[in-house]
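See below for the structure under consideration.
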Amino acid sequence: MDCPKTITRLKGSLCHWFLLFTIWLSSFQDVVALQTPAKPNHISSASELASPPSSGLFEPIEISPAVIPHYPFPGEPLPPMYPTFPTTYDPVLTGRCPVNFSAISSIVEKTASDCTQPLAALVGNVICCPQFSSLLHIFQGYYSINSDKLVLQSAAANDCFTDIISILAGRGANSSIPTICSVKSSNITGGSCPVKDITTFEKTVNTSKLLEACSTVDPLKECCRPICQPAIMEAALQISATQSMISDNKNIAGGPNRIDALTDCKGLVYSWLSRKLPFDAANTAFRIL
């Protein structure tokens, strides 16, 4: 009876010691894993800290136009999300418009950007057409800055209008802007407005009041309590109601001629303001109006 008891006690003791050894071994491995080799007297230099990683994943990515995928079906329309960029080129001008367009290049670039080919038809009345009308007003004033006229003659207007459209198209704008915005070369000729020279204009209109009202146009104030718009309309009414208007326009009571003359005279007011204001200030004001 003593022999089996001794064997049982011995087995229990071995199991106990084996269990303790297993626990100690696992604890020892955890301690070794947490230890990190340290160099007590080594301080990393700035060059070591700032050195780029050896992996090529963090190198600068070279971007080239060659990475833009080429559409494999040139005869079919592009999908909506396919990247497209307007093509630019040097336009062929008529050579009969005596204007240095580089002087108003910032306004031309702004117009070309607002009237790009894919967007002009979609945002014409909101973005493109106001900017294009502003360009024409500024061009009309700049063209006549060295003369006593505020308008262009019909022949010059046709040539210059053609050149303007060609320049815009060469910078990526939609070549159908005249159709989209319902604008013609006659818009810069003064049309049926009886006053076309600056001397008569300044004698008829209170120019100091007009310039004060439109020198700085605040978008919020002009929307809620307009200042410049009434001043422009007042000036247009004054020059459209001159004696030459009454004598030339026999059907003044008919209505349409009166309305057309008022619209044309507003263009004359814009032309005069373009001569007095910086181009950028005039463009900002005309877009709001």
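The values are calculated or read from the model by the stated rules, or taken from the named source; none is laboratory data. All figures in this text were calculated on a predicted structure; none of them were measured in a lab. Here the Cβ positions follow ideal geometry from the backbone for every residue, glycine too, while neighbour counts run over all protein chains shown.
The helices (runs of 4 or more DSSP H) falling completely within the range 230-289 that include 1 or more residues that are on the phi < 0 side of the Ramachandran plot and modelled with pLDDT of 90 or more map to 256-276, 279-288. In this entry, residue 117 is excluded by the filter for residues that are touching a Lys or Arg at 6+ places or on another chain (Cβ under 9 Å) and either modelled with pLDDT under 90 or among the polar types (S, T, N, Q) (or both).
Taking every residue in the range 179-197 that is under 13 Å from residue 162 (Cα atoms) and pairing it with any residue that is of a type in the set (D, E, K, R) and surrounded by fewer than 23 Cβ atoms within 10 Å (Cβ to Cβ), at least 6 positions away or on another chain, yields no pair with a Cβ-Cβ distance below 6 Å.
The residues of the range 124-137 include none that are loosely packed, with under 14 Cβ neighbours inside 10 Å and either under 12 Å from the mean Cα position of the chain (by Cα) or outside any helix (DSSP H, G or I) (or both).
Can you say whether residue 136 is closer than 30 Å to residue 202 by Cα, touching a residue at least 12 places away in the same chain (Cβ under 8 Å) and among the aliphatic types (A, V, I, L, M), as far as the supplied structure shows? Judged against the criteria, residue 136 is a match. Selection of the range 102-119 for residues being assigned to a helix (DSSP H, G or I), of a type in the set (A, V, I, L, M, F, W, C), buried (at least 17 other Cβ atoms within 10 Å of the Cβ) and in contact with a Phe, Trp or Tyr (Cβ under 9 Å, 6 or more places away or on another chain) yields 104, 107, 108. Number of residues in the range 184-221 that are of a type outside the set (Gly, Ala, Ser) and surrounded by fewer than 18 Cβ atoms within 10 Å (Cβ to Cβ): the value is 17.
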